[in-house]
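Contents: one structure, followed by commentary.
Coordinate-derived values only; no laboratory data. Keep in mind it's a predicted model, so treat the numbers as computed, not measured. Cβ atoms come from the backbone with ideal geometry, glycine included; neighbour counts cover every protein chain shown.
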Amino acid sequence: MIELYQFELSQYSEKVRLLLDYKGLRYRKIEVTPGIGQVELFRLTGQKQVPVLKDGSRYIADSTEIARYLDFQYPDRPLVPRDPKQKGLCLMMEEWADESIGTKGRKALFSAITSNQNFRKSLLPTTTPDLLKSLLEGVPNDVLKFLGVGVGYTPDVVKSAIADLRQDLEALTLLLADSPYLTGDEPCLADLAVASLSILLKFPDGPYLNLPATLRGKGVPGLADNPNYEPFFTWRDRLYARFRKPLISTTTTPSPGAPTSIQID
Ligand SMILES: N[C@@H](CCC(=O)N[C@@H](CS)C(=O)NCC(=O)O)C(=O)O
């Protein structure tokens with residue numbers, strides 16, 4: 001069976017989960033422990049980031065490489081349109097989604113977590129030892145930084161990321177106003193990338209992620225609850241309802257020592 005080395009809360013891992021579901025491929029999730037688990041990943045693949053797909057004896061790193069591999073190896077339900085213009089738009093938007101929504105989304109979520117005690121509290125996994133939980137709940141933001149979450153995310157970096165995300169969400173809302181999908185009448189890699197990479201802005205409104213149910217539909221204040229972007233998130237949740245398999249149908253194998261706390265980089 002296909003295996004996916006992942007972090008549950010990684011938006012790039014979510015992109016691959018959505019691609020696999022879209023293609024109707026069964027897979028087993030392997031939760032990588034940040035730090036120690038990545039050493040093993042490096043040994044296997046020569047790099048330390050998730051997602052990594054294992055298919056037979058092959059390991060493929062990077063969500064875009066995985067998308068290419070899946071389309072080549074499992075051509076049913078193609079991810080990239082044949083029409084040259086649609087194909088060009090699809091590839092361009094996928095790259096943009098990776099670079100903008102993917103990277104800026106985690107800065108925006110980091111900012112929401114560090115500035116909102118309740119949000120942070122509800123994100124901590126139930127398996128987090130009580131001692132660590134109470135430590136994280138009660139202490140100031142610099143302890144989270146000390147723990148390695150969001151290092152380098154200065155207020156200016158976060159502010160500029162949120163401004164860019166506002167423009168991204170406006171663009172997506174406009175593009176989808178009179179078109180069912182980004183490049184036409186059928187979904188393609190760009191739609192699946194945009195939908196999945198936006199999970200950190202607003203968690204999907206259904207049982208797709210191993211998160212407390214109370215977090216479903218919640219997200220970064222000012223983006224997730226902004227009525228201007230509501231059409232985009234409604235579109236995204238419809239796409240999820242259509243193509244993403246609910247959590248119950250996949251299996252997670254935690255790697256030794258997992259899980260840890262907030263796994264967003
Ligand atoms: N370009 C990569 C980005 C992957 C990425 O940023 N993964 C993050 C998790 S969302 C990661 O593994 N971070 C841990 C690290 O860099 O050590 C892709 O598309 O897969």
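The Rg/Rh ratio of segment 213-252, with both radii computed over alpha carbons and Rh defined as the Kirkwood radius, is 1.05. Across segment 5-21, computed HN-Hα scalar couplings (Karplus, 6.51 cos²θ - 1.76 cosθ + 1.60, θ = phi - 60°) run 7, 8, 10, 4, 8, 7, 5, 6, 5, 4, 4, 5, 4, 5, 4, 5, 5 Hz from first to last residue, x flagging Gly and Pro. Using the Cβ-Cβ distance between Arg43 and Thr154 with R0 set to 35 Å, the FRET efficiency from 1/(1 + (r/R0)^6) comes to roughly 0.55.
If you wrap segment 25-100's Cα atoms in a convex hull and average its projection over all directions, what's the area in nm²? Over every viewing direction, the Cα hull of segment 25-100 projects on average to 6.2 nm². Pairs exceeding a 29 Å alpha-carbon distance, out of Lys85/Lys218; Lys48/Lys104; Lys104/Lys218; Lys15/Lys218; Lys48/Lys85: Lys85/Lys218; Lys48/Lys85.
Residue separation times 0.36 nm, minus the C-alpha to C-alpha distance between Trp96 and Arg28: what's the value? Don't skip to the end; give the middle numbers.
Values: separation 68, 0.36 × 68 = 24.48 nm, distance 2.84 nm.
Result for the pair: 21.6 nm of gain on full extension.
At full extension, Gln117 and Arg166 could sit 15.3 nm farther apart than now, given 0.36 nm per residue minus the alpha carbon distance. Between Asp76 and Ser179, full extension at 0.36 nm per residue minus the direct alpha carbon distance yields a gain of 34.7 nm.
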